[in-house]
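Undergrad: One structure is given below, represented as structure tokens, and several questions about it will come after.
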């Protein structure tokens, strides 16, 4: 029987083929390249939906498909194989669905860029790599996809490579990702060394045989990989800089899909984390720390995209926290990931629309009063805003509230710590998002005063941009309820992460938690509204309290990286260069110089005068005779 | 008459030849000095043959003569060739084969 599930590779091959065609065709494809890019992603989306329906009709909700042998060295056998199960299915729909909307949006956003074809080629490459990542059935193939999305991310951040900021941001993202990739690679090596396999089924079946130290090590290395890709503490510094790329890239890669790959990895590797409470605790700590860092810095930034970037970091912190809690919270991590994919992509597209209208201005201190001139953007952005702060009944409420609930449920002091952090984060999220919303869309028109009437009235973006924003806004509103209603997503994911527990004894009453979360959110909204309703100065005040000053400098993340890693690395490199040039090279060069110098002097003996040669011969003969005589007559 | 005198004469001739090779510049003279050394050697061979009462040395002397004849042919040809190209028979002028 030939079904859609037998040709899963098409999902990946279509966008990949399109990327290859667009890159090879060159300028010939300038006129139709963006249509091809959208069409292949649309085809992948249709295939994804069909595959989803086909999977739903099956009782055994897991399809494995081996395409070909990738590596066969001794006992190491790695196949390029695909696994389509409920978790992959959800991700395929998210990637192709949101990806399609953002592809369509990019047609309008990049319309005036002469390299639009190249942009679509990279976007398609990204979609293909991300699909490979989520469809893989072993960790090596995950790694291939992992590197593929890293490459696409690098290419897209540096899309405007002639801007020094973009070029160095791309380099930074690539290098910091590399730190995480080393963790993932080491985790794969450890799996193979201890279990002799890298396939999901083999590794997860053998987890019980691992010593607890090994399981913890593998878990922490996987976490390191996830931190790098997802911009989590301590590898978070690249994500805000990645906003130098075009806004659709920020929406697709650095908000909705790629940065959530870390969450995917942890949920996918849930058997390993279940075997190691220490690793789970680490995941929780990383999540809680990052969500607070993101919130705090988000409150102090003035760049609309950077605020959203820190918000992304903080929301992924929530997902990590949920994934670290384990058990029923795995499904919550994925739920938050999906709802976040909708509202954050929508917010980024809204930010892009604002920038489109404001001639690429990103400073929210120079916006204000845009709701009148850009109503569609304001409404879709507003719906995303309401969703992210967790206002019922929008998406964020259904995904964030249970995470906070489960964080409090963790036994012992850690429950209070994580729950408290998550609650504080919710309040801060409401504060900085309200600040962003109010300063951008309401209040005085600071941009008008700034240009002295020279700046033309900002116009609403074309429909090709507003339509995807509308679709994402609908998702922001409805996705949370639809996915969490009657535990729809939890039940769907049950084969992968375990069935949802029916009756959990909560430490705190659910209603208490909900009301405290709503209270914190309201407090944040009210404070921000009161502070910023009357607008703000056009440039940031020089004096501020120490927390704000620290937050403006990203809580010194770059300074710490510079001091600890860059300086140390540069110093170590100088030592190595010295040893190499003076020690190794010195020995070899010295030897060569001695030989060369000796020969240069010795060759002077070859004078070309026959008589000096014959004298030499005579001396030699005399010497030989003397030697013989001494030997004979002694 | 003691054969020792022949040996002394041979040594003297050899020394004259060797010094001549070392100090003279004219290639023809150098060549003649080489011949002188060879014939001093022949004299030594013949003398020892006489002293020992065997014919080995005399046979060897004939070989040396043959070799000397062949060497004269080659050597004079070389000298002719050098003279044609450099208009000189001085051995110091043929000194380009060096470092």
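Undergrad: If a residue must be surrounded by 11 or more Cβ atoms within 10 Å (Cβ to Cβ) and within 14 Å of chain A (Cβ to nearest Cβ), how many such residues does segment B:75-98 contain?
TA: Looking only at that region, the number is 14.
Matching residues to (1) in a helix (DSSP H, G or I); (2) more than 14 Å from chain B (Cβ to nearest Cβ); (3) modelled with pLDDT under 95; (4) out of contact with any helix residue (DSSP H, G or I) (no Cβ under 6 Å at 6 or more places or on another chain):
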| position | (1), (2), (3), (4) |
| --- | --- |
| A:520 | yes, yes, yes, no |
| A:526 | yes, yes, yes, yes |
| A:539 | no, yes, yes, yes |
| A:549 | yes, yes, yes, yes |
| A:585 | yes, yes, yes, yes |
| A:594 | yes, yes, no, yes |
| A:614 | yes, no, yes, no |
| A:625 | yes, no, yes, yes |
| A:631 | yes, yes, yes, yes |
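Residue-wise test of (1) touching a strand residue (DSSP E or B) at 6+ places or on another chain (Cβ under 8 Å); (2) crowded, with 23+ Cβ neighbours inside 10 Å; (3) more than 21 Å from residue A:446 (Cβ to Cβ); (4) in the same structural domain as residue A:429 (by TED's automatic domain parsing).
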position	(1), (2), (3), (4)
A:337	no, yes, yes, yes
A:346	no, yes, yes, yes
A:360	no, no, no, yes
A:370	no, yes, no, yes
A:387	no, yes, yes, yes
A:390	no, yes, yes, yes
A:398	no, yes, yes, yes
A:403	no, yes, yes, yes
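Undergrad: Test residue A:600 against the stated conditions and say whether it is more than 10 Å from chain B (Cβ to nearest Cβ) and over 30 Å from residue B:89 (Cβ atoms).
TA: Answer is no for this residue.
Undergrad: Kindly state which helices (runs of 4 or more DSSP H) lie completely within segment A:148-235 and contain at least 2 residues that are modelled with pLDDT of 90 or more, crowded, with 18+ Cβ neighbours inside 10 Å and in the same structural domain as residue A:255 (by TED's automatic domain parsing).
TA: Output list reads A:164-195, A:212-230.
Undergrad: Here is a list: A:610, A:559. Which entry is modelled with pLDDT under 90 and within 14 Å of chain B (Cβ to nearest Cβ)?
TA: Sole residue among the options that is modelled with pLDDT under 90 and within 14 Å of chain B (Cβ to nearest Cβ): A:610.
Yes or no, residue by residue, for (1) at pLDDT below 90; (2) assigned to a helix (DSSP H, G or I); (3) loosely packed, with under 15 Cβ neighbours inside 10 Å:
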site	(1), (2), (3)
A:13	no, yes, no
A:16	no, yes, no
A:24	no, yes, yes
A:28	yes, yes, yes
A:34	yes, yes, no
A:41	no, yes, no
A:45	no, yes, no
A:49	no, yes, no
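Undergrad: Now, a different point. Mind listing whichever residues of segment B:9-32 are more than 10 Å from every other protein chain (Cβ to nearest Cβ) and in contact with a helix residue (DSSP H, G or I) (Cβ under 6 Å, 6 or more places away or on another chain)?
TA: Hits for segment B:9-32 are B:10, B:13, B:14, B:17, B:20, B:31.
Undergrad: Further question: Going residue by residue through segment B:59-74, is there one that turns out to be within 14 Å of another protein chain (Cβ to nearest Cβ) and either out of contact with any strand residue (DSSP E or B) (no Cβ under 8 Å at 6 or more places or on another chain) or free of Cβ contacts under 8 Å to residues at least 40 places away in the same chain (or both)?
TA: Checking segment B:59-74: not a single residue is within 14 Å of another protein chain (Cβ to nearest Cβ) and either out of contact with any strand residue (DSSP E or B) (no Cβ under 8 Å at 6 or more places or on another chain) or free of Cβ contacts under 8 Å to residues at least 40 places away in the same chain (or both).
Undergrad: Would you confirm, using the coordinates I've provided, whether residue B:52 is over 14 Å from the mean Cα position of the chain (by Cα) and more than 14 Å from every other protein chain (Cβ to nearest Cβ)?
TA: The answer is yes for residue B:52.
Undergrad: Considering every residue within segment B:34-44, establish whether at least one is within 14 Å of the chain's Cα centre (by Cα), farther than 24 Å from residue A:613 by Cα, free of Cβ contacts under 8 Å to residues at least 24 places away in the same chain and more than 14 Å from chain A (Cβ to nearest Cβ).
TA: Yes.
Undergrad: For segment A:381-497, please list each of the helices (runs of 4 or more DSSP H) lying entirely inside it that holds at least 1 residues being touching a residue at least 60 places away in the same chain (Cβ under 8 Å) and either more than 27 Å from residue A:532 (Cβ to Cβ) or under 27 Å from the mean Cα position of the chain (by Cα) (or both).
TA: Here the list reads A:395-409, A:413-441, A:463-484, A:488-497.
Undergrad: When the residues of segment B:54-94 are narrowed to those that are at pLDDT 90 or above and assigned to a loop (DSSP other than H, G, I, E, B), which ends up nearest to residue B:24 (Cα to Cα)?
TA: B:55
Undergrad: Continuing with the same structure: Test residue A:554 against the stated conditions and say whether it is away from chain B (no Cβ under 14 Å), touching a residue at least 40 places away in the same chain (Cβ under 8 Å), surrounded by 12 or more Cβ atoms within 10 Å (Cβ to Cβ) and on the phi > 0 side of the Ramachandran plot.
TA: For residue A:554, the condition - away from chain B (no Cβ under 14 Å), touching a residue at least 40 places away in the same chain (Cβ under 8 Å), surrounded by 12 or more Cβ atoms within 10 Å (Cβ to Cβ) and on the phi > 0 side of the Ramachandran plot - is met.
The values are calculated or read from the model by the stated rules, or taken from the named source; none is laboratory data. As the structure is a prediction and not an experimental result, all values here were calculated from the model. When we count neighbours, we look across all protein chains shown, and the Cβ atoms used for this are built from the backbone with ideal geometry, even at glycine.
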